[in-house]
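Let me begin by presenting the structure, written as structure tokens, before commenting on it.
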């Protein structure tokens, strides 16, 4: 006898098995005796000795019941699908054979130095790895420092990016010199006052346009310019 010495027995599974509960108490007792035989001999899970299925006479002797009684109890168990038979007609327990396969796989994995509890589990499935690679290519690229930091500002120049083309005119209403005209050798640095006056000039231009012009007979309220202190 080289089968299972001990194994876990889940009492709740036994009590909650509807197929088994449909059987009589005598049939349930016979099935427990058959499980003891299946656990103690090879292959584990089969009601067999040395790989050979048991005849009803031999099973009746091992179970301790009359052969005539055994036939009726076996028929009751088989009718309620408590056990199954393989192609050779051997009776086996579906639960016990599945547990035996898991135990063999765990032993093989343990001999190779792996964790038996992880023999059929992977930390990352192939689909998870593919999704991770797709995320890396699509949205997880490293950004350059320039894209994360604000634009550097030159402290020597007052920049007014919100100013329109009309605000770029000087205070006398003249457009700035074009590329064909010679540039001035010296230009006064723009100050906050110049930037504010440019905004006021743009607001006044829009007020004139909204009123229909100063010659349309409407009063146009203009903002005064700011004088540098």
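Give me a count of the residues in the range 57-100 that are assigned to a helix (DSSP H, G or I), farther than 23 Å from residue 18 by Cβ and over 45 Å from the mean Cα position of the chain (by Cα). It would help to see each step written out before you state the result.
Restricting attention to the range 57-100, the residues satisfying the condition of being assigned to a helix (DSSP H, G or I) are 57-63, 67-79, 94-100.
Checking which are farther than 23 Å from residue 18 by Cβ leaves us with 57-63, 67-71, 100.
Among the residues that remain, those that are also over 45 Å from the mean Cα position of the chain (by Cα) are: 57-63, 67-71.
Qualifying residue count, the range 57-100: 12.
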Pairs with Cβ under 7 Å, 6+ apart, first in the range 197-209 and free of Cβ contacts under 8 Å to residues at least 60 places away in the same chain, second assigned to a helix (DSSP H, G or I) and surrounded by 13 or more Cβ atoms within 10 Å (Cβ to Cβ)
198/167; 199/167; 201/167; 202/166; 202/167; 205/166
Among the residues of the range 1-17 satisfying the criterion of being assigned to a loop (DSSP other than H, G, I, E, B) and either under 39 Å from the mean Cα position of the chain (by Cα) or in the same structural domain as residue 37 (by TED's automatic domain parsing) (or both), which is modelled with the lowest pLDDT?
7
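Can you report the number of residues in the range 11-26 which are closer than 16 Å to residue 70 by Cα and surrounded by 11 or more Cβ atoms within 10 Å (Cβ to Cβ)?
Residues of the range 11-26 that are closer than 16 Å to residue 70 by Cα, as a first pass: 23-26.
Restricting the remaining residues to those that are surrounded by 11 or more Cβ atoms within 10 Å (Cβ to Cβ) gives 23-24, 26.
Residues flagged as closer than 16 Å to residue 70 by Cα and surrounded by 11 or more Cβ atoms within 10 Å (Cβ to Cβ) within the range 11-26 amount to 3.
The values are calculated or read from the model by the stated rules, or taken from the named source; none is laboratory data. The structure displayed is predicted, hence computed values, not measured ones. Cβ coordinates were reconstructed from backbone atoms using ideal geometry, including for glycine residues, and neighbour counts include every protein chain displayed.
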